[in-house]
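Heads up, the thing below is written out as C-alpha cells.
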Amino acid sequence: MPDRRRGDQMSTNKMSGVILEGTRIEGKLTFNEKLRIDGEFKGEIHSRGQLVVGKTAKVEGDLDIGECIVLGEVNGKISNCEFLQIEEGGKLLADINVKKLEIKPGAVFDGQCKMSEGKEVGQNQSHNTKKNSK
C-alpha cells in the first residue's frame, strides 16, 4: 500500500483531478479528495483534501488546504493545513499556518511558520524560519 503522503506514489482512488504539465490555470479552485498539479496554477485553492504539487509544478497564491505535499514550487500563503510536507527538490516560499510540518533534506522553505498544537490550526506559536537543506 503506497504511503498517502508521498505525492509521487499517490493512488488514483478518489482523485478529484490532475492539472497536467504544460497547462496553465488562473482563478479559484475547489475539490473534495485529492488533486495533483504538474502544470501552473495562479489564484486560490480551497479544500480539506490533499493537494500534491508535482516536480514540474508552479503554484502561486493562497491555499486553504487540508494536506499539502510539495515536490515542485509554491509561492504565497498556506492556511489551515493539517499536514504539510516539502519533499527533496521542493521549494516553498510562503507564510504557512500548519499543524504538522515535515521538511525533507534537499527541500527549501523560506517564510513565516505558525504551528498549532491543538485541533484548530493557527492559534499558537509563531516562528520565523528559513531552511535551505542541501
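Read-outs: derived from the displayed coordinates by stated rules, not from any lab. These numbers come from a predicted model, not from an experiment. As a convention, Cβ positions derive from the backbone with ideal geometry for all residues, glycine included, and neighbour counts pool all protein chains shown.
Take the Cα of Arg24, step 7 Å toward its Cβ, do the same at Gln112, and the gap between the two points is 3.1 nm.
Taking a ≥ b ≥ c as the square roots of the eigenvalues of the Cα gyration tensor, an a/c ratio of 1.5 or more together with a/b no larger than b/c marks the stretch 27-74 as oblate. Rounded if a/c is under 1.5, else prolate if a/b is larger than b/c, else oblate: which is the stretch 11-53, with a ≥ b ≥ c the root eigenvalues of its Cα gyration tensor? Oblate is the answer for the stretch 11-53, as a/c is 1.5 or above yet b/c matches or exceeds a/b. For the stretch 44-101, trypsin sites (Lys or Arg not before Pro) are listed when DSSP marks them as loop and at most 16 other Cβ atoms sit within 10 Å of their Cβ; the list is Lys55.
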